[in-house]
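Data first, discussion second: the structure below is written as structure tokens.
The values are calculated or read from the model by the stated rules, or taken from the named source; none is laboratory data. This structure is a prediction, so every number in the text was calculated from the model and none was measured. FYI the Cβ positions are ideal-geometry reconstructions off the backbone, even for glycines, and counts take in every protein chain you see.
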């Protein structure tokens with residue numbers, strides 16, 4: 001039996017302020033629900049020094065249905081606001097299970113080491129410490145549970161360049177660090193795994209959230225090693241090998257300093273229950 005993604009409407013959004021240096025800037029935003037979601041009343045407002053920017057905002061759909069928005073602006077005070085309502089597509093509310101040993105391009109890519117999840121360097125540690133998970137029904141969930149039990153969620157305890165190895169050494173981190181450790185250990189144990197950035201109603205403190213998808217029994221299952229979010233309420237934004245692929249903003253040209261940020265996500269009605277043990281998929 002699997003846990004179902006709630007079909008209930010979510011209201012999500014964010015607001016950012018940047019100080020853009022001389023020469024202007026080109027930013028790539030990853031803040032909209034992915035193409036697996038039915039989105040309505042969507043607004044992306046971009047202004048420079050209080051006036052809407054003159055140039056267009058270009059939407060590009062990337063891997064895994066990630067919706068990226070490319071914004072170019074001159075020097076000054078740049079503000080970006082996004083908001084929408086979102087529901088999972090009906091077919092994605094209770095995803096089915098595929099062939100138990102299904103291997104495809106996605107699975108192969110998510111078995112390889114990456115910038116923040118250097119699984120090749122953790123092979124010996126993973127086998128010695130967690131080799132036993134190969135004998136349990138859901139090995140990826142066992143890895144996520146081990147990470148939850150072993151690490152302290154501590155704001156400000158890590159930096160943007162910290163890898164899974166840095167987190168293993170420090171014993172503390174935030175959601176992206178918990179996700180990177182889980183991903184690296186899963187890959188070292190031959191379990192395909194990847195990172196998902198998401199809106200997470202009920203998360204406290206509110207921010208973008210990082211969770212893990214692991215390939216178990218032929219399907220991608222979502223895991224939250226922090227156990228801070230109810231998985232049935234999540235809204236997928238971006239999916240990739242690690243945080244390098246899922247950043248909410250990437251500077252492609254120029255220089256811009258983030259000076260303020262706000263993220264919000266609410267779900268109609270009560271927050272759904274989650275035992276963080278029952279398998280579930282994510283649209």
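Against the list (1) modelled with pLDDT under 95; (2) under 27 Å from residue 233 (Cβ atoms); (3) part of a loop (DSSP other than H, G, I, E, B), the condition residue 33 fails is (1). The requirement of being touching a strand residue (DSSP E or B) at 6+ places or on another chain (Cβ under 7 Å), crowded, with 24+ Cβ neighbours inside 10 Å and part of a strand (DSSP E or B) is fulfilled somewhere in the range 172-193, by at least one residue.
Considering (1) in contact with a helix residue (DSSP H, G or I) (Cβ under 6 Å, 6 or more places away or on another chain); (2) in contact (Cβ under 8 Å) with a residue 60 or more places away in the chain, the lone condition that residue 167 does not fulfil carries the number (2).
Using the structure shown, decide if residue 76 is under 19 Å from residue 200 (Cα atoms), touching a strand residue (DSSP E or B) at 6+ places or on another chain (Cβ under 7 Å) and outside the structural domain of residue 231 (by TED's automatic domain parsing). So residue 76 fails the test.
Annotation: of all residues in the range 131-150 being touching a helix residue (DSSP H, G or I) at 6+ places or on another chain (Cβ under 7 Å) and surrounded by 13 or more Cβ atoms within 10 Å (Cβ to Cβ), the one that is farthest from residue 199 (Cα to Cα) is 133.
Residue-by-condition table, conditions (1) surrounded by fewer than 15 Cβ atoms within 10 Å (Cβ to Cβ); (2) touching a strand residue (DSSP E or B) at 6+ places or on another chain (Cβ under 9 Å); (3) within 25 Å of residue 30 (Cα to Cα); (4) modelled with pLDDT under 95:
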position	(1), (2), (3), (4)
82	no, yes, yes, no
86	no, yes, yes, no
104	yes, no, no, yes
109	yes, yes, yes, yes
124	yes, no, no, no
152	yes, yes, no, no
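Filter the range 45-71 for residues that are part of a strand (DSSP E or B) and surrounded by 12 or more Cβ atoms within 10 Å (Cβ to Cβ) and give the result. Steps first, please.
Looking only at the range 45-71, we keep the residues that are part of a strand (DSSP E or B), and these are 45-48, 51-52, 58-61, 67-71.
Matches in the range 45-71: 45, 46, 47, 48, 59, 67, 68, 69, 70, 71.
Contact annotation: residue pairs with Cβ atoms under 6 Å, 6 or more positions apart or on different chains, pairing a residue in the range 272-283 that is on the phi > 0 side of the Ramachandran plot with a partner that is modelled with pLDDT of 95 or more and part of a loop (DSSP other than H, G, I, E, B), are 276/227.
This table checks each residue for (1) touching a residue at least 12 places away in the same chain (Cβ under 8 Å); (2) in contact with a strand residue (DSSP E or B) (Cβ under 9 Å, 6 or more places away or on another chain); (3) assigned to a strand (DSSP E or B).
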site: 144; (1), (2), (3): yes, yes, no
site: 155; (1), (2), (3): yes, no, no
site: 206; (1), (2), (3): yes, yes, no
site: 222; (1), (2), (3): yes, yes, yes
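With respect to the conditions (1) modelled with pLDDT of 95 or more; (2) loosely packed, with under 14 Cβ neighbours inside 10 Å; (3) part of a helix (DSSP H, G or I), residue 91 lacks only one, and its number is (1).
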